[in-house]
Amino acid sequence: MRIFQNPFRLLPAALIVVSCLAQAQSAGTLIRAAELKAEPFADAAALVNLPGDAALTVVDSKGGWSKVKTQDGKTGWVRLLNVRLAAGASDTSALASIGGVIRTGTTKSAATTGVKGLSKEDLARAKPNPAEVRKLDAWRAKDGEINRFAAARKLTARDVPELKP
Amino acid sequence: MTLSNQPKFRHAATLAAIVLLAGCTEQLRKAGIDENSLKAAGAVATSMSKSEATPAEESQIGQASASILLGAAPLVQDREIQTYVNQLGGLLARQTGRKDINWRFGVINSSNVNAFAAPDGYVFITKGLLRTVNDEAELAGVLAHEIAHVVKRHYLIAMRKKDTTGALTNLAATSAKTAGVKGSELAADPLANVAQNMYSSGLDKGDEYEADRLGVVYATRAGYDPYGLPRVLNLYATKAGSNGFELLFSTHPSPQDRLAELDKAMGDKLTAYEARSVSDSKAFQQIRNKAGRVPDPRR
């Protein structure tokens, strides 16, 4: 079949498709019993009560809420801190490494591609660069700029006590 | 004359301090040393393990540390990206109650995903991190976490612990020796080794958990949604073993452990702030896209 003659031609398209499909599809576990909510609000309707160790797939997050799919196919929202994701749970992680190499040629391949980075090896090789440090002074934010930054976003400062461990 | 200035007591206190640091208070009590002496010795032990750098020394240590990071990879040469991060960082730094710190924020041109701080108000994120986070509240959470490391002097204390050659303790002597030879740049070399060592091995777990708690608080104080940092940690959780995350993972507790600690500390204490919080801005998305187009530096 002609289409397979040059499989690399299809790679970019395949990557896009896979990355769309795989966006934030992460396996997780509920760490305490909770209601599955129809919307990401405390007073939203409860769809079902989930047990404390329910296996879930996290598909999205918004503020302090995670959008999850239960094993029997129900979709709804639970508090973000009530879900613990499995290590390397995302379907995108394998893709990210492929994509990372294609896009940037960084990290592990840094030595061979001649790209600088911030790996342990890059740090070990590093020579002090004081000229670069001096550049930071020119970019410092003035009080007026910070005020305008906050105003443009309607950010209002509020009192929040420190959290105890 | 205070008690601890008396030569005899000073030796006893030093000894007691060492024993205390080794966690042997029970032996001291058995040896007949009373409670008050133990307390006095405890104070000496605390001051011995605490950072005592003068502002000038702290500035020199910070400069040397930043210099090593930027020696590994330079800054993104883009005024718009850098001023954006300085404004966001500056706003977050206002929430610390510390007006005496000379804050400087920078985006390092590396595709590795990470963030760093250095003594004397340096805070860095990588280009890789900037394009990995999803919204401004997430970036605010990361910057606030680094700001907390500076406020709590975590790096300074960690460098003192790793300073086997005496680079930090002999700072004044080293500076004096090389004073005629273009100042700090020569004196910084032994410091550079300590900084290299520290950035590649990381801080104590407890420091990271403390910076997570404070980071969430600073971001929320500024008006951002409190869950920016927890969302970033969730994102990290899905990236275990991914290219570009190696140093981040080898120098921090696992994202799962950090979330568990945050969960314990936050509970539902911050839910009340959610409704009137900011999560994102157009400016952030523009800066993130722009950062995505910056090529990696060649060696």
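In table form, for the structure just shown:
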quantity: Selection within the stretch A:40-66 - part of a strand (DSSP E or B), open to solvent by 70 Å² or more (accessible area, probe 1.4 Å) and away from chain B (no Cβ under 12 Å); calculated: A:L47, A:N49
quantity: The stretch A:89-135, residues that are modelled with pLDDT of 90 or more and crowded, with 21+ Cβ neighbours inside 10 Å; calculated: A:G117, A:L118, A:S119, A:D122, A:L123, A:A126, A:P128, A:V133
quantity: Any hit, the stretch B:281-292, residues being at the interface with another protein chain (Cβ under 7 Å from one of its Cβ atoms) and at pLDDT 95 or above; calculated: yes
quantity: Restricting the stretch A:137-165 to residues that are part of a loop (DSSP other than H, G, I, E, B) and hydrophobic (A, V, I, L, M, F, W, C), the residue that is nearest to B:L262 (Cα to Cα); calculated: A:L163
quantity: The stretch B:123-139, subset in contact with a Ser or Thr (Cβ under 7 Å, 6 or more places away or on another chain) and open to solvent by less than 10 Å² (accessible area, probe 1.4 Å), residue nearest to B:V217 (Cα to Cα); calculated: B:A137
quantity: Test: residue in the stretch B:63-83 that is closer than 27 Å to A:A124 by Cβ, of a type in the set (D, E) and open to solvent by 10 Å² or more (accessible area, probe 1.4 Å); calculated: no
quantity: Single residue of B:A260, B:A272, B:A265 found to be outside any loop (DSSP other than H, G, I, E, B), free of Cβ contacts under 8 Å to residues at least 12 places away in the same chain and either closer than 19 Å to A:T29 by Cα or at the interface with chain A (Cβ under 8 Å from one of its Cβ atoms) (or both); calculated: B:A260
quantity: Filter result (crowded, with 17+ Cβ neighbours inside 10 Å, among the aliphatic types (A, V, I, L, M) and assigned to a loop (DSSP other than H, G, I, E, B)) within the stretch B:275-299; calculated: B:V294
quantity: Selected residue (criterion: least open to solvent (accessible area, probe 1.4 Å)) from residues of the stretch B:263-274 that are among the acidic types (D, E) and modelled with pLDDT under 95; calculated: B:E274
quantity: Qualifying residue in the stretch B:234-252 (condition: open to solvent by less than 40 Å² (accessible area, probe 1.4 Å), in contact with a helix residue (DSSP H, G or I) (Cβ under 8 Å, 6 or more places away or on another chain), under 18 Å from A:L81 (Cβ atoms) and more than 7 Å from chain A (Cβ to nearest Cβ)); calculated: yes
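The values are calculated or read from the model by the stated rules, or taken from the named source; none is laboratory data. Values in this document were obtained by computation on a predicted structure and should not be read as measured data. Using ideal geometry, Cβ is built from the backbone for each residue, glycine included, and neighbour counts are taken over all protein chains shown. Note: areas computed on protein heavy atoms with side chains; ligands, DNA, RNA excluded. Shrake-Rupley method; radii C 1.70, N 1.55, O 1.52, S 1.80 Å.
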